[in-house]
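**Student:** Once you've had a glance at the structure underneath, I'll fire off some questions.
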Amino acid sequence: MKSLAIAFAAAAALAGTLTPAVAQDTKEQFFPLLVYRTGPYAPNGTPWANGKQDYIKLVNSQGGINGVKIAFEECETGYATDKGVECYERLKSRPGVAVFDPQSTGITFALTDKAPSDKIPLITLGYGLSASQDGNVFKWNFPLMGSYWTGADILVQHIAKREGGLDKLKGKKIALVYHDSPFGKEPIPLLQERAKLHGFELSLIPVTAPGVEQKSAWLQVRQQRPDYVMLWGWGVMNSTALKEAVATGYPRDKMYGVWWAGAEPDVKDVGANAKGYHALALNTAGTQPKVIQDILKNVHDKGQGTGPRDEVGQVLYTRGVIIQMLTIEAVKRAQERFGKGKVMTGEQVRWGMENLALDQKKLDALGFAGVLRPISTSCQDHMGSTWARIHTWDGAKWGEMSDWYQADDSLLKPMVKAAADKYAGEKKITRRSAEDCGS
């Protein structure tokens, strides 16, 4: 009986890694959904994944993508790079596969070499390789809406504004408390460049993943007494950092998180003690947007919601909705060129993703008024938008929101090109021709 129970438990665990959503055939557009609903990153990964599923269900309830129904299947990665690669290899050959969202910078690094030969684009909204904004080298990578370089640049701009100007940063101390992984290390080159330009002292304080033990890191913060702390964390690391800041007496209103450290799971366990903490915001939150109301009405009210109703509209849930919307809009864009109402290939969707043109009128029509800024991509620019805001935790909810900031292209473009050229040299990649850009 014990062996039988173990067997049943194992089967249940395996079933939990997949979503037996729909059957696959060539008449359906297939979206592989890499997720992490288990492990130390699950509190953040789960609402992100739920938002993506619910948007697919909403689009299917409205007839699909110009009549093409969407199929999907989840694969659990636990945020582990090796498991992410396994999921990719297992799902990449499914009929109708269009694009992968790795949901991890580490997995993105591993798949960047695979995508060109497999001819499957990678959407890495707000994460991944900062240099992949350069579509002339990174043909298959799309860091839509921002990279860690744009995010770090905007934080420096915001801190400078708080101090009275960029010249006032001279002599200041800024500490980067970061997840010791490719994700956490990405903003370092930009911050080092800004430190040289403006004369502030940059201190790098790594935190071993997953980040449940940070006492030594915050001992360094206490000893160094930086004027500001930037938090580049994910999952359990974020709430742990805030608790350590409370314990060491570091003021939360001098702390600024990346947009993956600025959601409800990051602060809810700290509550009022996190009051004043700031973080980057790529999107708004709340249930007011029409798209969120549509999901509540057409998905949750019909008992088809993927997760709890009260998470609908939260920061990461909404970001999941945005990611899936942009992916579906890339398919629609591809259909405009290659055949409306047809299942698109990875190559065709790559073209659609490279030719996105979502102005405010289009976003409003999709129900995303006020949720995000317009996005327009090209062969040269695979990011499409370099804007973000700062929001602040008021002790009970995310409240005050700054004006929009745009990352400084005069600083970023040379850095992106230099990094892309270096990558191209290492991988023996030739920059794309004008003819290739039009194909």
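**Student:** Identify the trypsin sites (Lys or Arg not before Pro) of segment 147-223 meeting these criteria: DSSP loop state and at most 12 other C-beta atoms within 10 Å of the C-beta.
**Tutor:** Those satisfying the criteria are 170.
**Student:** At a Cα cut-off below 23 Å, give the lysines reachable from residue 172, other chains included and same-chain residues fewer than 8 away excluded.
**Tutor:** Residue 172 reaches 161, 185, 196, 254.
**Student:** Per the 1.4 Å probe, what fraction of the accessible area of the chain, in percent, lies on carbon and sulfur atoms?
**Tutor:** C and S atoms contribute 53 percent here.
**Student:** Right, another one. What distance in nm separates the two pseudo spin-label positions at residue 213 and residue 113, each 7 Å out from Cα along the beta-carbon direction?
**Tutor:** Computed distance between label sites residue 213 and residue 113 equals 3.1 nm.
**Student:** Can you bin segment 296-410 into rounded, prolate or oblate? Criterion: square roots of the alpha carbon gyration tensor eigenvalues sorted a ≥ b ≥ c, rounded for a/c under 1.5, prolate for a/b above b/c, oblate for the rest.
**Tutor:** Cα axes put segment 296-410 in the oblate bin.
**Student:** Please give the per residue volume of the convex hull enclosing the alpha carbon atoms of segment 289-347, rounded to a whole number of Å³.
**Tutor:** Here the figure is 112 Å³ per residue.
**Student:** Give the relative contact order (percent, whole number) for segment 119-256; include only Cα pairs under 8 Å separated by 6+ residues.
**Tutor:** With pairs under 8 Å counted, the relative contact order is 21 percent.
**Student:** Now for a separate question. For the chain, what is the calculated [θ] at 222 nm in deg cm²/dmol (nearest 500), taking -39500 (n - 2.57) for each run of four or more DSSP H residues and dividing by its residue count?
**Tutor:** Rounded to the nearest 500, the figure is -12500 deg cm²/dmol.
**Student:** Continuing with the same structure: Once you keep just the Cα pairs under 8 angstrom separated by 6 or more residues, what percentage relative contact order results for segment 86-137?
**Tutor:** In percent, rounded to a whole number, it is 37.
**Student:** Which value, in debye to the nearest 20, describes the size of the charge dipole of the chain about its Cα centre when Lys and Arg Cβ atoms bear +1, Asp and Glu Cβ atoms bear -1, and nothing else is charged?
**Tutor:** 120 debye
**Student:** What are the lysines whose alpha-carbon lies under 17 Å from the alpha-carbon of residue 340, with same-chain residues fewer than 8 places away excluded?
**Tutor:** In chain and number order, the partners are 27, 69, 332.
**Student:** Could you give the accessible area per residue of the chain, probe 1.4 Å, as a whole number in Å²?
**Tutor:** 40 Å²
**Student:** Kindly give Rg over Rh for the chain, based on alpha-carbon atoms, with the Kirkwood expression for the hydrodynamic radius.
**Tutor:** 0.96
**Student:** Sticking with this structure for a sec: Explain nothing, just the number: dipole magnitude of segment 229-361 about its Cα centre with +1 on each Lys and Arg Cβ and -1 on each Asp and Glu Cβ, in debye rounded to the nearest 20.
**Tutor:** The calculation lands at about 340 debye.
**Student:** Here is a further query. Of all chymotrypsin sites (Phe, Trp or Tyr not before Pro) in segment 390-439, which ones are in loop regions per DSSP and have a Cβ with at most 14 other Cβ atoms within 10 Å?
**Tutor:** Listed in order of number, the matching sites are 404.
**Student:** Based on the Cβ-Cβ distance from residue 439 to residue 394, what FRET efficiency comes out when R0 is 35 Å, to the nearest 0.05?
**Tutor:** 0.10
**Student:** What angle do you read, to the nearest 10 degrees and between 0 and 90, between the alpha-carbon axis of helix 215-224 and the longest principal axis of the chain?
**Tutor:** Tilt relative to the chain: about 40 degrees.
**Student:** To continue, here is another question. Go ahead and run the numbers for FRET between residue 404 and residue 293, Cβ-Cβ distance against an R0 of 25 Å, rounding to 0.05.
**Tutor:** After rounding to 0.05, the efficiency reads 0.55.
**Student:** Quick one: angle between helix 148-163 and the longest Cα principal axis of the chain, in degrees between 0 and 90, rounded to 10, please.
**Tutor:** That works out to roughly 40 degrees.
**Student:** What angle, in degrees between 0 and 90 and rounded to the nearest 10, separates the Cα long axis of helix 81-91 from the longest principal axis of the Cα atoms of the chain?
**Tutor:** With both axes taken from Cα atoms, the answer is about 20 degrees.
**Student:** Now for a separate question. Filter the trypsin sites (Lys or Arg not before Pro) in segment 283-340 down to the DSSP loop ones having no more than 12 other Cβ atoms within 10 Å, then list what survives.
**Tutor:** Of the trypsin sites (Lys or Arg not before Pro), the ones in loops of segment 283-340 whose Cβ has at most 12 other Cβ atoms within 10 Å are 302.
**Student:** In debye to the nearest 20, how big a dipole does segment 302-355 give about its Cα centre with +1 on each Lys and Arg Cβ and -1 on each Asp and Glu Cβ?
**Tutor:** That gives a dipole near 220 debye.
**Student:** What is the spin-label model distance, in nm, from residue 369 to residue 223 if the labels are put 7 Å beyond Cα along the C-beta direction?
**Tutor:** Distance between the two pseudo-spin positions: 5.5 nm.
**Student:** Using a Förster distance of 45 angstrom, determine the FRET efficiency expected from the C-beta separation of residue 204 and residue 428, and round it to 0.05.
**Tutor:** Here the calculated transfer efficiency is 0.90.
The values are calculated or read from the model by the stated rules, or taken from the named source; none is laboratory data. Model, not experiment: these values are computed from the prediction. Cβ: placed from backbone, ideal geometry, glycine included. Neighbour counts: every protein chain shown. Keep in mind that these areas ignore ligands, DNA and RNA; they rest on the heavy atoms of the full protein, side chains included. Shrake-Rupley method; radii C 1.70, N 1.55, O 1.52, S 1.80 Å.
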